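Novice: Dropping the structure in here first, questions after.
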Amino acid sequence: MKSGFLHQGCIYGSDAEFLSMAVPFVQDGLRRNEPVLVTTTAANLDLLQGALGTQASDVDYAESAYFGRRPPQRATAFQRYWTRHRPAAPRGAVRILAEPIWFGRSRREVAAWKRMEAGLNVVLADTTIWMICPYDTRVVDAAIVEDALRTHPECVAGCQAEPSAQFVTPAEFAKRQAPPPRLPWDDADVVRFDGDLAATRRHVLDEATRLLQAEDSEAMFSIAVGEAMAYLHQRGIEWVTAWVRLAAGRVVCTVHSAQPLDDLPPFVGFRTPALCEQTGEGLWLTNQICEWLDISSDDSGCTIELAVPGPHHAEEHHVD
């Protein structure tokens with residue numbers, strides 16, 4: 001295995017093509033005494049276990065639908081698996097076969113998962129994980145497959161790996177993505193507040209208490225907002241404008257400052273505290289708690305928008 005993080009895509013269109021990649025990848029890892037995690041569809045788990053025979057029990061398995069409900073949680077699960085298993089692994093090498101689930105995703109969710117695939121090249125750069133991400137052309141939209149070639153430096157078919165000619169740097173991929181769709185905004189229902197970070201935090205939490213109703217939801221929202229405000233403070237921002245509203249079953253908080261954030265990392269909030277001690281990126285906990293966390297910065301200033309499920313979230317449709 002090469003040193004450092006190795007991130008490969010695999011475009012397949014049949015069960016045989018999937019197994020021609022997965023079986024040698026897993027068996028080679030087991031032969032080298034490397035921990036192996038496979039997180040894919042239930043059907044592919046059955047296929048692979050049948051093909052591995054007696055070796056199947058030596059592999060860790062997780063159905064993709066339950067291995068990280070959202071991209072920040074999935075990225076964290078990868079980091080934690082590596083952290084947990086690397087001490088006993090030869091050279092700290094860990095193998096992960098990770099197939100995302102694309103069916104039933106909203107437009108915003110698909111964009112977030114694509115962004116995660118690009119971001120893994122940055123977030124896991126300091127690990128010794130060898131990861132292959134399969135994409136099934138029988139069920140995955142062609143546009144998603146095309147972006148897989150842009151987010152994975154290499155593509156593998158069977159046991160053969162080749163550099164992806166379409167690959168772009170993670171920062172460039174993030175820059176090319178369209179801005180996330182905005183939720184409906186009715187000025188009559190939006191509460192605006194201008195103030196320093198401490199006063200703004202109190203105002204946001206007062207509004208959230210009125211909208212969220214459940215104490216545990218209020219507590220989690222308070223943690224997320226507190227970390228977001230601390231993140232701005234650490235970067236020299238003291239005065240902001242905040243809007244709080246209920247939209248599409250979510251409580252949404254938007255915080256804006258006329259002061260841009262210098263050198264904003266494109267994948268801030270994805271590194272676990274253990275991996276970002278040196279970079280000081282922060283916002284990991286906010287990213288874990290919130291339904292989404294959008295951060296942007298340009299000449300007009302910086303904006304952080306976060307959303308958590310509201311009181312009627314289960315009754316609402318997905319955001320496009």
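The values are calculated or read from the model by the stated rules, or taken from the named source; none is laboratory data. Just so it is clear, the structure is predicted and the values come from calculations on it, not from any experiment. Ideal geometry is used to build each Cβ from the backbone, glycine not excepted, and the neighbour counts take in all protein chains shown.
Novice: Residue by residue through the range 191-201, note down the ones that are part of a helix (DSSP H, G or I) and of a type in the set (K, R).
Specialist: Result: R201, single match.
Novice: I'd like to verify a number: residues in the range 251-276 that are surrounded by fewer than 23 Cβ atoms within 10 Å (Cβ to Cβ) and either in a strand (DSSP E or B) or among the hydroxyl-bearing types (S, T, Y) (or both), how many?
Specialist: Qualifying residue count for the region: 4.
Novice: Taking V204 as the residue in question, decide whether it is in contact with a Leu (Cβ under 9 Å, 6 or more places away or on another chain) and either assigned to a helix (DSSP H, G or I) or on the phi < 0 side of the Ramachandran plot (or both).
Specialist: For V204, the condition - in contact with a Leu (Cβ under 9 Å, 6 or more places away or on another chain) and either assigned to a helix (DSSP H, G or I) or on the phi < 0 side of the Ramachandran plot (or both) - is not met.
Novice: Here is a list: A178, A188, A143. Which entry is modelled with pLDDT under 95, surrounded by fewer than 15 Cβ atoms within 10 Å (Cβ to Cβ), out of contact with any Lys or Arg (no Cβ under 7 Å at 6 or more places or on another chain) and in a helix (DSSP H, G or I)?
Specialist: A188
Novice: Hey, could you check the range 11-55 for residues that are in contact with a Gly (Cβ under 9 Å, 6 or more places away or on another chain) and under 23 Å from R74 (Cα atoms) and say which is surrounded by the most Cβ atoms within 10 Å (Cβ to Cβ)?
Specialist: Per the criteria, the residue is T39.
Novice: Of the conditions (1) farther than 27 Å from V122 by Cβ; (2) at pLDDT 95 or above, R250 satisfies every one except a single condition; which number is it?
Specialist: Result: R250 passes all but (2).
Novice: Under the condition of being more than 26 Å from the chain's Cα centre (by Cα) and not hydrophobic (A, V, I, L, M, F, W, C), which residue from the range 202-224 is modelled with the lowest pLDDT?
Specialist: Here the answer is Q213.
Novice: Additional query: Read through the list (1) out of contact with any helix residue (DSSP H, G or I) (no Cβ under 6 Å at 6 or more places or on another chain); (2) surrounded by fewer than 19 Cβ atoms within 10 Å (Cβ to Cβ); (3) under 21 Å from D141 (Cα atoms), then give the number of the only condition that Q8 fails.
Specialist: Every listed condition holds for Q8 apart from (2).
To keep it simple, each residue is scored yes or no on (1) at pLDDT 95 or above; (2) in the same structural domain as V308 (by TED's automatic domain parsing); (3) in a loop (DSSP other than H, G, I, E, B); (4) hydrophobic (A, V, I, L, M, F, W, C).
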{"position": "F78", "(1), (2), (3), (4)": "yes, no, no, yes"}
{"position": "Y81", "(1), (2), (3), (4)": "yes, no, no, no"}
{"position": "R84", "(1), (2), (3), (4)": "yes, no, no, no"}
{"position": "W102", "(1), (2), (3), (4)": "no, no, yes, yes"}
{"position": "R105", "(1), (2), (3), (4)": "no, no, yes, no"}
